[in-house]
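One structure is given below, encoded as structure tokens.
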Amino acid sequence: MQYTEKTLKKVSKFLSYVLRHCPEDIKLTLDTEGWASIEELIEKAQPKFQLNHDIIKHVVATNNKQRFKISADGLKIRANQGHSIDINLNLTPQEPPKILYHGTATRFLDSILKQGLKSGNRQHVHLSKDMETAIAVGQRHGKPVILQIDTQAMSKQGHIFFLSDNKVWLTEHVPAQFLSLITNS
Ligand code: HQG
């Protein structure tokens with residue numbers, strides 16, 4: 001079936017909300033790795049949200065950031081990253097590129113340069129492998145500014161990195177000494 005962009009975006013936002021942040025809002029249960037039964041999701045989303053298998057598959061396949069994944073048996077769905085709830089994505093630590101980027105807004109800069117990058121409500125700090133993505137992430141918050149992260153030095157000091165299924169680099173905290181400011185566009 002064909003769906004409008006608007007419908008797909010609404011479903012994506014709803015899925016992000018329940019799979020990353022607030023499953024209890026619809027009494028949905030996630031397992032320890034963040035997976036929800038698709039059957040249960042469809043049932044419990046009602047009457048707030050009319051979902052069906054087809055639209056869920058469509059959103060997962062077309063989502064611009066590949067935010068969700070369906071399990072190999074087709075029965076379960078989870079968000080690839082961005083959780084605030086305590087689940088274990090069970091990702092294997094990976095060696096990151098020597099440099100990664102983080103886009104933020106100018107108003108956060110003073111605090112970040114003092115405290116480093118903190119995960120805040122989320123489980124991880126999100127880092128990007130290219131500046132374009134970092135700028136787009138920063139723009140969500142205001143006037144963007146890009147920080148460069150010396151991941152090689154971090155790794156040497158024992159910091160661990162993960163790569164989510166949708167290719168976002170994740171780590172727990174980036175201390176300020178590993179950050180440098182790239183641009184103030
Ligand atoms: C900032 C989107 C003050 C941090 C994106 C950011 C991403 C601090 C904001 C994903 C700070 C948190 C995550 C400190 C960090 N003092 N501010 N010490 N440390 N911050 O939305 O990285 O569309 O939780 O710089 O594409 O912007 O949701 O994190 O500006 O991958 O799929 O605090 O969300 O993906 O904001 O974005 P967020 P984020 P989705």
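Nothing in this text is a laboratory measurement; each read-out follows from the coordinates by a stated rule. Note that the coordinates shown come from a computational prediction; the quantities given were computed from them, not determined experimentally. Here Cβ is always computed from backbone atoms with ideal geometry, including for glycine, and neighbour counts include all displayed protein chains.
Normalised by the empirical 2.2 N^0.38 Å for globular proteins, what value does the Cα Rg of the chain take? Let's see the in-between values first.
Details: Rg = 17.7 Å, N = 185, 2.2 N^0.38 = 16.0 Å.
Rg over 2.2 N^0.38 Å, computed on Cα atoms: 1.10.
Treat each spin label as a single point 7 Å out from the Cα along the C-beta direction, and report the residue 118 to residue 180 distance in nm.
Using points 7 Å along Cα→Cβ, the separation is 2.6 nm.
So, R0 is 25 Å and r is the distance between the beta-carbons of residue 107 and residue 132; what FRET efficiency does that work out to, to 0.05?
0.70
So how much slack lies between residue 6 and residue 167, counting 0.36 nm per residue of separation and subtracting their Cα-Cα distance, in nm?
Going from the current span to full extension adds 55.5 nm.
Pairs to check: 10/76; 6/69; 9/44; 13/114; 65/156; 13/143. Give those whose C-alpha atoms are more than 25 Å from each other in this structure.
On the way: 10/76 20 Å; 6/69 21 Å; 9/44 19 Å; 13/114 33 Å; 65/156 30 Å; 13/143 23 Å.
Correct reply: 13/114; 65/156.
To the nearest 20 Debye, how big is the dipole of the chain about its Cα centre, given +1 on the beta carbon of each Lys and Arg and -1 on that of each Asp and Glu? Don't jump to the answer; show the numbers that get you there.
Working: 24 positive and 18 negative charges, 121 e Å.
Approximately 580 debye in magnitude.
Within region 92-156, report the trypsin sites (Lys or Arg not before Pro) that DSSP leaves as loop and that have at most 10 other Cβ atoms within 10 Å. Provide the component values of the computation, followed by the final result.
Values: sites: 98, 107, 114, 118, 122, 129, 140, 156; in loops: 98, 118, 122, 129, 140.
Hits after loop and neighbour filter: 140.
Which value in nm describes the separation of the simple spin-label points at residue 39 and residue 22, placed 7 Å from the Cα toward the beta carbon?
2.8
Please identify the GluC sites (Glu not before Pro) of region 26-105 that satisfy two criteria: DSSP loop assignment and at most 13 other Cβ atoms within 10 Å. Which are they?
Sparse-neighbourhood loop GluC sites (Glu not before Pro): 33.
With a point put 7 Å past each Cα toward its Cβ, work out how far residue 66 is from residue 90 in nm, to one decimal.
2.0
Calculate, for residue 53 and residue 32, the FRET efficiency according to 1/(1 + (r/R0)^6) with r their C-beta to C-beta distance and R0 25 Å; round to the nearest 0.05.
The computed FRET efficiency comes out at 0.55.
To the nearest 10 degrees, how steeply does helix 5-16 sit against the main Cα axis of the chain, on a 0 to 90 scale?
On a 0 to 90 degree scale, this one is about 80.
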